[in-house]
Amino acid sequence: MTAATKTSSQLVVTDLAVSRGDNLLIDGLSFSMDAGDTLWVAGSNGIGKTSLLKCIAGLLRPDSGHVAWGEQDVHKYISSDTGYQGHHDGHKPNLTVLENLRFWQSVFASPIAPEDALEQVGLSAQINLRAKGLSAGQSRRLSLARLLLKQAKLWVLDEPAAAMDIKGRAVIHKLVGAHVAAGGCAIIASHTPPEKIGDNTRVLTLNGAANE
């Protein structure tokens, strides 16, 4: 894969088919998103939500079909303009919260101060706590802080509210709202009921390989 250049903020999914083993999860799925859009992906456990999000993020190749972000195939080009938050938070457990973010600030060459990102996600009080000492909800908040540092236009969030309390879910709503208001896109898979975030919120319900 080669590095992609940042172009338009449009996601186009065309005739996508995704399998897990011999099980066809998604077939013939097409949709598009523009700057400012929020898309909730709904469906029962095992229906293919995580597989779809990984395909969109370029982490999983589909059986067929095409995913383009900014007019470039996500499976041919590495995009720095996509931020993915999966089930595994991926922190360095023996580093503090601040040390983890300083590492990612360096990787992303981000102009955002880690302290500012931690304040936005409500982790300022845990700044010197080792990541392995965080609660599950706090760990998810740290992942959101890392997402802020990356400054990607496309956010792909897989169960971001997992282990979150009401305050944590409010943080997600606020961050996603600000992101799409600034011209970003957000795709969210969640077991929680979809919420209206931004001016254009839609719901995509997966029903197995019969998706249209």
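General observations
- Residue match in the stretch 89-109 (condition: assigned to a strand (DSSP E or B) and either assigned by TED's automatic domain parsing to the domain that holds residue 32 or over 18 Å from the mean Cα position of the chain (by Cα) (or both)): yes
- Residues in the stretch 180-195 that are of a type outside the set (A, V, I, L, M) and assigned to a loop (DSSP other than H, G, I, E, B): 183, 184, 190, 191, 192, 193, 194, 195.
- Residues satisfying the stated conditions in the stretch 136-179, i.e. in a helix (DSSP H, G or I) and among the basic types (Lys, Arg): 140, 141, 146, 150, 167, 169, 174
- Here residue 198 clears all of (1) farther than 27 Å from residue 16 by Cβ; (2) not in a helix (DSSP H, G or I) except the condition numbered (1).
- Residues of the stretch 149-165 classified as within 11 Å of the chain's Cα centre (by Cα) and of a type outside the set (Phe, Trp, Tyr), total: 8
- Members of the stretch 29-46 found to be within 21 Å of residue 64 (Cα to Cα) and either outside any strand (DSSP E or B) or at pLDDT below 95 (or both), listed by number: 46
- Criterion applied to 183, 177 was being in contact (Cβ under 8 Å) with a residue 12 or more places away in the chain, out of contact with any Asp or Glu (no Cβ under 7 Å at 6 or more places or on another chain), among the small types (Gly, Ala, Ser) and under 13 Å from residue 33 (Cβ atoms), and the one residue passing it is 183.
- Every test in (1) surrounded by 21 or more Cβ atoms within 10 Å (Cβ to Cβ); (2) in contact with a strand residue (DSSP E or B) (Cβ under 7 Å, 6 or more places away or on another chain) is passed by residue 130 save one, and that test is (1).
- Residue match in the stretch 117-131 (condition: within 22 Å of residue 59 (Cα to Cα) and not in a helix (DSSP H, G or I)): no
- Members of the stretch 61-73 that are touching a Ser or Thr at 6+ places or on another chain (Cβ under 7 Å) and either in a loop (DSSP other than H, G, I, E, B) or in the same structural domain as residue 107 (by TED's automatic domain parsing) (or both): 63, 70, 71
- Residue 83 touching a Leu at 6+ places or on another chain (Cβ under 6 Å), surrounded by fewer than 21 Cβ atoms within 10 Å (Cβ to Cβ) and in a strand (DSSP E or B): no
- Beta carbons closer than 6 Å, at least 6 apart along the sequence or on distinct chains, pair a first residue in the stretch 73-90 that is touching a residue at least 12 places away in the same chain (Cβ under 8 Å) with a second that is loosely packed, with under 14 Cβ neighbours inside 10 Å for 75/61; 77/2; 78/1; 78/3; 81/6.
The values are calculated or read from the model by the stated rules, or taken from the named source; none is laboratory data. In this text the structure is predicted, and so the values were computed from the model without any measurement. A quick note on method: Cβ atoms are made from the backbone with ideal geometry, for glycine too, and the neighbour counts reach across all protein chains shown.
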